[in-house]
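Here's the structure, in C-alpha cells; my notes come after.
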Amino acid sequence: MSGRISNLLSHTFIYGLGNLLSKGIMFLMVPILTNTMVPDEFGKLNIVQPFIGFAEVFFMLGMRQAILRYAVKHEYTRSEVFTAGVNWISVATLISLTILILFSTFFNSFSKINNMEIYRNMMIILVLDAFANAP
C-alpha cells in the first residue's frame, strides 16, 4: 500500500512540477513583457491567454482525465484507451477549430484583438496544446 502511495506522490510531483514551472516562467516574464511591449500589445496578450485557457476546455473535452481513468482499468488495454482518446481529441479539435475559423471575424472584433496573425497563432497553440496534453 505504501508503495502505491509513494508512486502516486512521485507522479503527482512530476506533473505538478511541470505546471509550476510553466506558471513560474510566465510570472518571471511579466516584468520583461511590461517593459518591452507597448500597452496595446500587452493588453492583447492578456486577452489571448485566458481565451486559450477557456478554449482548451472545448478542444480537450475532459479526455485527459478520461484517458488516465480508463488506462488503469483492466477491461481495456492501454493502447485501446489511448487510441480512442486521441481519436476523440482529433474530432473535438476539428470541430472547435472549424467554429473558431468560421467565426474568426466575430471573435477577433469582439475580443478587440483586431489582428488576424495573433488569432491564427492562438489557434495553432490550441491545436498543438490539445495533442501535447494527451497522456
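The values are calculated or read from the model by the stated rules, or taken from the named source; none is laboratory data. Small disclaimer: the values here were computed from a predicted structure and weren't measured. Using ideal geometry, Cβ is built from the backbone for each residue, glycine included, and neighbour counts are taken over all protein chains shown. The protein model used for the area step is the full one, side chains on, heavy atoms only, and it has no ligands, DNA or RNA in it. Shrake-Rupley method; radii C 1.70, N 1.55, O 1.52, S 1.80 Å.
Residues being β-branched (Val, Ile, Thr), within 22 Å of Ile113 (Cα to Cα) and touching a residue at least 40 places away in the same chain (Cβ under 8 Å) are entirely absent from region 71-88.
Evaluation of Tyr76 against the conditions (1) open to solvent by 50 Å² or more (accessible area, probe 1.4 Å); (2) part of a helix (DSSP H, G or I) shows that the sole unmet condition is (2). Mind checking whether some residue in region 46-54 is of a type in the set (A, V, I, L, M, F, W, C), in contact with a Gly (Cβ under 9 Å, 6 or more places away or on another chain) and touching a residue at least 60 places away in the same chain (Cβ under 8 Å)? No, region 46-54 has no match at all. Residues of region 97-108 include at least one that is touching a helix residue (DSSP H, G or I) at 6+ places or on another chain (Cβ under 7 Å), of a type in the set (A, V, I, L, M) and more than 25 Å from Leu8 (Cα to Cα). Only one of the numbered conditions (1) exposed (fewer than 13 other Cβ atoms within 10 Å of the Cβ); (2) farther than 15 Å from Ile47 by Cβ; (3) in contact (Cβ under 8 Å) with a residue 60 or more places away in the chain is not met by Lys112, and that is (2). The number of residues in region 1-30 that are open to solvent by less than 70 Å² (accessible area, probe 1.4 Å), more than 23 Å from the chain's Cα centre (by Cα) and of a type outside the set (S, T, N, Q) comes to 1.
Put simply, of Ile101, Ile125 the only residue that is assigned to a helix (DSSP H, G or I), open to solvent by 80 Å² or more (accessible area, probe 1.4 Å), touching a residue at least 40 places away in the same chain (Cβ under 8 Å) and under 30 Å from Pro39 (Cβ atoms) is Ile125.
Among all residues of region 3-20, there is at least one that is modelled with pLDDT under 85, part of a helix (DSSP H, G or I) and within 30 Å of Ile101 (Cα to Cα).
Say we look at region 31-64 and pick out the residues that are in a loop (DSSP other than H, G, I, E, B) and open to solvent by 70 Å² or more (accessible area, probe 1.4 Å); which of these is farthest from Ala84 (Cα to Cα)? Only one residue tops the list, namely Val38.
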